[in-house]
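These notes concern the structure reproduced below.
The values are calculated or read from the model by the stated rules, or taken from the named source; none is laboratory data. Given the structure is predicted, the values throughout are model-derived calculations rather than measurements. Glycine also receives a Cβ, built like all others from the backbone with ideal geometry; neighbour counts cover every protein chain displayed. For accessibility, only protein heavy atoms count, side chains too; no ligands or nucleic acids. Shrake-Rupley method; radii C 1.70, N 1.55, O 1.52, S 1.80 Å.
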Amino acid sequence: MDSIEPRFFNRELSWIEFNNRVLYQGLRKELPLMERLQFLAIVTSNFDEFFQVRVASVKRLLMESPDTVDSSGLTPDMVLRQISARCHQLIRLQHDCIKNDILPELRTKGIIYAKPEFFTGQQAEYAQNLFRNEIFPLLTPLRTDTEIFPTVANLSLYVAFLLKPISGIRNSNEELKGDDDKPRIAIVQIPQGISPIEWLPTENHTKVFACTEEIISEYGTQMFPGFAVEETLVFKISRDADFAVDEDSGNNFIHEMEKVLVQRKSSFVVRMTSNKTSPDICKFLMEKLNLTDDDVYLVDDFVDPSILPELRSTDENGKMSFPEWQHFYPADLPNDEPFWDVLKQRDVILHVPYESYEPVLKFISDAADDPDVLTIKMTLYRTGKDSPIVKALERAAQNGKQVVVLVELKARFDEERNIAWANELEANGVTVIYGLVDLKVHAKILMVMRREADSIVRYAHLSTGNYNHKTARIYSDLSLFTSNYEIVNDATQFFNLVTGYSTLQNMKQLGMAPVTLKSKLLSMIQREIDRSDAEHPGLIIAKMNSLTHEEIITALYKASQAGVKVLLNVRGICMLVPGVQGLSENIKVISIVDRYLEHSRIFYFQNGGAEEIYLSSADWMSRNLDRRVELMFPILDRKAFKEVKEILNTYFEDNVSSQYLTESGNWKPVEKPDGEDDFRAQEVLYKKYKHKNEAVNKGPKIEFQVRRKD
């Protein structure tokens, strides 16, 4: 069969469909109400980042190279128009769901949203006193008729007021130019320290809340003595955040990174979201912020979805949320002694959040306190606040160990926090490496060197996810504890390469981007083609967050045409077009969005029966394989291999939270055949670890009575 020209979906439009899958969960009435609120809030935070980064980059491309055509056949202008049309549609669905479904359902639960015009007398008095005593002193109204328009902060909520002087009252700030009746517009930023919702008094057992911005809109006239408030508008903007640090400037790198953070505060505006209460104010802001109709998203009631999780506190008995899932300590690791002896015998897989993240923290903490540990090396990308990992590294350095940490300052939106961590680590004696020039270090690896008898034994931990103890409770990731000689030897080469001047030697087990990882993937796909025939077709199964690398996609098309069966679980962006006759009819793509964020990357190759499985920090994206430092590591231990393979296969049996990608680019829920039981992958995995934990702990408990002398 002759092959046909490869086809690709547009990256940005594919991402929007991922957010649509998140929205789909928020729209599902069979899900617990508080979980729906969470999904609707995630839709908003996802869009915030999407507009700041991806839409901003397309807008810049439109200004610089308007005739560019991408691999999907679209110009920047065409992409922006389709982005606007689809995002308007989804945001309208999101807010319609909140207004017509979520808020009425909350009311049936005794949780009532009240607009100021429906306040009772008691509530109005309470709200007015609240505004006067606790909100008003924190607000700073800014006039907009100045020569330079006030800077509007990125992603901050504002209230704009259309003011008109009260006849007969002269304001000291106004010059008499015969235009006393001319309307003025003032904007007021809502400080982050103010709660986004306020609970109002009620005479029954219901709980009544109001949005803070609406209280400010209602009582804000107190900020403008001598003026009447004619109209108000609640709005929020997204600014361009797609900046790269100038790594060739020769200046201090941290200084250059701090300049990027400053630039984001005043970059061009990409989007504005507002309510529909004042077309005049909206038009005024559009002119001042250089926005078109496509850039403005109007909603009937500005109940910011990002505040909805604040209502979780009302679910006191948990009946409106998913049942609580524990995080089980893994049965394969001791919790009362270090792991050294176990890891000399076998590798251990850790699957968070089903299993506890405690073993990673314990591994680092034990190394910090063990007098036989000489050196600790690791990479840090997104560590989160109050990191116990950072504290353990500092303690290790204070205990006289050599501690080397590569802190990636270019982790977008975590730059400021990572700069602070780097400074703190250095102050406590840790050797800090600030990433590599022009390459983000996205690999997740930790090494411990320990003196045992007459030799140095090396232990490693490699992961698909960040060293972040908080996200490890909600992100599904896999990691490997090992002392395998070839893996730890490769790991030593890796650290020598990223911290010194070493050239990359031949790694026997690890694949490293941007040097060998892509070529290794391509060779394994080709190997699957070479070992596939009609009687024994090849098989590739892969799970990842995004698939955009056109060279990899083209190789998968070639595999499909050779009869190789390709099963892909892609959580987010997928530019591959499945199911096209003569191109990709042997490729199936599914996606799972559920209570945990699917974050692990797992790659399986049948290899003519000599199966191989790899875990990786890298998605199959151009940025990961060509412009970042990433690691892919094999699962060599037989027991660990079986465990990871079972996990991977579980995802492809889901018929509850899974959707599949069609040739047209639409995603559709996987249909469950009549009579088939529900199979929800994440629930199945949770029960697996629960049963495993129960089996370990169900042994008979023997109580011993101790004789005591009276």
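Do you know which residues across region 511-565 are of a type in the set (Lys, Arg) and open to solvent by 20 Å² or more (accessible area, probe 1.4 Å)? Show your work before the answer.
To start, the set of residues in region 511-565 that are of a type in the set (Lys, Arg) comprises 518, 520, 527, 531, 543, 558, 565.
If the condition is that a residue be of a type in the set (Lys, Arg) and open to solvent by 20 Å² or more (accessible area, probe 1.4 Å), then Lys518, Lys520, Arg527, Arg531, Lys558, Lys565 are the ones that fit.
Restricting to region 158-210, give me the number of residues that are open to solvent by 80 Å² or more (accessible area, probe 1.4 Å) and at pLDDT 95 or above.
1
Based on this model, can you work out whether Tyr459 counts as open to solvent by less than 10 Å² (accessible area, probe 1.4 Å), touching a helix residue (DSSP H, G or I) at 6+ places or on another chain (Cβ under 7 Å), modelled with pLDDT of 90 or more and of a type outside the set (A, V, I, L, M)?
Yes; evaluated as a whole, the condition is true for this residue.
If you go through region 256-268 one residue at a time, do you hit one that is over 30 Å from Ile111 (Cα atoms), at pLDDT 90 or above and open to solvent by less than 50 Å² (accessible area, probe 1.4 Å)?
no
Out of region 44-60, which residues are among the polar types (S, T, N, Q), under 16 Å from Ser84 (Cβ atoms) and open to solvent by 20 Å² or more (accessible area, probe 1.4 Å)?
Ser57
One line per residue, one yes/no per condition, for (1) crowded, with 18+ Cβ neighbours inside 10 Å; (2) more than 23 Å from Met544 (Cβ to Cβ); (3) within 16 Å of the chain's Cα centre (by Cα); (4) at pLDDT 95 or above:
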{"position": "Ser14", "(1), (2), (3), (4)": "yes, no, no, yes"}
{"position": "Gly26", "(1), (2), (3), (4)": "yes, yes, no, yes"}
{"position": "Ile42", "(1), (2), (3), (4)": "yes, no, yes, yes"}
{"position": "Asp67", "(1), (2), (3), (4)": "no, yes, no, yes"}
{"position": "Ser84", "(1), (2), (3), (4)": "yes, yes, no, yes"}
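From the residues in region 652-671 that are of a type in the set (D, E, K, R) and surrounded by 14 or more Cβ atoms within 10 Å (Cβ to Cβ), which one is farthest from Leu333 (Cα to Cα)?
Per the criteria, the residue is Glu663.
Could you check, for region 663-673, whether at least one of its residues is among the acidic types (Asp, Glu), over 26 Å from His351 (Cβ atoms) and either touching a Leu at 6+ places or on another chain (Cβ under 6 Å) or at pLDDT 95 or above (or both)?
Checked region 663-673: at least one residue is among the acidic types (Asp, Glu), over 26 Å from His351 (Cβ atoms) and either touching a Leu at 6+ places or on another chain (Cβ under 6 Å) or at pLDDT 95 or above (or both).
Does region 2-10 contain any residue that is of a type in the set (S, T, N, Q) and in a helix (DSSP H, G or I)?
No, region 2-10 has no match at all.
Only one of Leu556, Leu522 is without any contact (Cβ under 8 Å) to a residue 40 or more places away in the chain, touching a helix residue (DSSP H, G or I) at 6+ places or on another chain (Cβ under 7 Å), assigned to a helix (DSSP H, G or I) and under 29 Å from Glu408 (Cβ atoms). Can you tell me which?
Just a single option satisfies the conditions, and that option is Leu522.
Looking for something under 30 Å from Trp15 (Cα atoms), among the β-branched types (Val, Ile, Thr) and either assigned to a helix (DSSP H, G or I) or under 28 Å from the mean Cα position of the chain (by Cα) (or both) - is there at least one such residue anywhere in region 105-120?
no
Please enumerate the residues belonging to region 600-651 that are over 25 Å from Glu486 (Cα atoms), part of a loop (DSSP other than H, G, I, E, B) and open to solvent by less than 40 Å² (accessible area, probe 1.4 Å).
Matches in region 600-651: Met621 only.
Restricting to region 576-595, name every residue that is in a loop (DSSP other than H, G, I, E, B) and in contact with a helix residue (DSSP H, G or I) (Cβ under 6 Å, 6 or more places away or on another chain).
Leu583, Ser584, Asn586, Val593, Asp594
Conditions first: (1) over 31 Å from the mean Cα position of the chain (by Cα); (2) part of a helix (DSSP H, G or I). Asn506 passes all but one, so which condition is the exception?
(2)
Would you say Ser584 is closer than 30 Å to Arg473 by Cα and buried (at least 23 other Cβ atoms within 10 Å of the Cβ)?
Here the answer is no, as Ser584 does not meet what is asked.
Answer with yes or no whether Lys687 is outside any helix (DSSP H, G or I) and surrounded by fewer than 18 Cβ atoms within 10 Å (Cβ to Cβ). Lay out the reasoning, then the answer.
On the way: outside any helix (DSSP H, G or I): no; surrounded by fewer than 18 Cβ atoms within 10 Å (Cβ to Cβ): yes.
No, not satisfied.
In region 127-144, which residues are open to solvent by less than 50 Å² (accessible area, probe 1.4 Å) and aliphatic (A, V, I, L, M)?
Ala127, Leu130, Ile135, Leu139
For Asp677, work out the one condition from (1) over 30 Å from Leu522 (Cα atoms); (2) without any contact (Cβ under 8 Å) to a residue 12 or more places away in the chain; (3) outside any loop (DSSP other than H, G, I, E, B); (4) not hydroxyl-bearing (Ser, Thr, Tyr) it doesn't fulfil.
The single condition Asp677 does not satisfy is (3).
Answer yes or no: is there a residue in region 114-126 that is among the acidic types (Asp, Glu) and open to solvent by 90 Å² or more (accessible area, probe 1.4 Å).
So far as region 114-126 goes, yes, one or more of its residues are among the acidic types (Asp, Glu) and open to solvent by 90 Å² or more (accessible area, probe 1.4 Å).
Could you check, for region 599-606, whether at least one of its residues is under 25 Å from the mean Cα position of the chain (by Cα), under 30 Å from Leu31 (Cα atoms) and among the small types (Gly, Ala, Ser)?
Yes: one or more hits.
Filter region 287-323 for residues that are assigned to a helix (DSSP H, G or I) and open to solvent by less than 30 Å² (accessible area, probe 1.4 Å); which is nearest to Gly110 (Cα to Cα)? Before the answer, list the steps.
Residues of region 287-323 assigned to a helix (DSSP H, G or I): 287-289, 293-295, 305-314.
Retained after the next criterion (residues that are open to solvent by less than 30 Å² (accessible area, probe 1.4 Å)): 289, 295, 305, 307-308, 311, 314.
Working: Leu289: 41, Asp295: 37, Pro305: 19, Ile307: 18, Leu308: 16, Leu311: 12, Thr314: 10 Å.
Residue satisfying both the conditions and the ranking: Thr314.
Residue by residue, here is whether (1) closer than 25 Å to Val629 by Cα; (2) in contact with a helix residue (DSSP H, G or I) (Cβ under 9 Å, 6 or more places away or on another chain); (3) of a type in the set (A, V, I, L, M, F, W, C) holds:
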position: Ile376; (1), (2), (3): yes, yes, yes
position: Lys401; (1), (2), (3): no, yes, no
position: Thr431; (1), (2), (3): yes, yes, no
position: Tyr434; (1), (2), (3): yes, yes, no
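So for region 622-640 (the condition being of a type in the set (A, V, I, L, M) and modelled with pLDDT under 95), does at least one residue qualify? Quick ask: steps written out before the conclusion?
Initially, region 622-640 is screened for residues of a type in the set (A, V, I, L, M), giving 625, 629, 631-632, 635-636, 640.
Filter once more, so that each one left must be modelled with pLDDT under 95: 629.
Yes, some residue in region 622-640 is of a type in the set (A, V, I, L, M) and modelled with pLDDT under 95.
Applying the selection to region 26-67, what residues are more than 18 Å from Ile573 (Cβ to Cβ), of a type in the set (S, T, N, Q) and part of a helix (DSSP H, G or I)?
Once the filter is applied, which keeps residues that are more than 18 Å from Ile573 (Cβ to Cβ), of a type in the set (S, T, N, Q) and part of a helix (DSSP H, G or I), region 26-67 yields Gln38, Thr44.
When the residues of region 345-363 are narrowed to those that are among the charged types (D, E, K, R) and touching a strand residue (DSSP E or B) at 6+ places or on another chain (Cβ under 7 Å), which ends up surrounded by the most Cβ atoms within 10 Å (Cβ to Cβ)?
Let us first name the residues in region 345-363 that are among the charged types (D, E, K, R), namely 346-347, 355, 358, 362.
Now drop any that are not touching a strand residue (DSSP E or B) at 6+ places or on another chain (Cβ under 7 Å), which leaves 347, 355.
Values: Asp347: 21, Glu355: 24.
Selected residue: Glu355.
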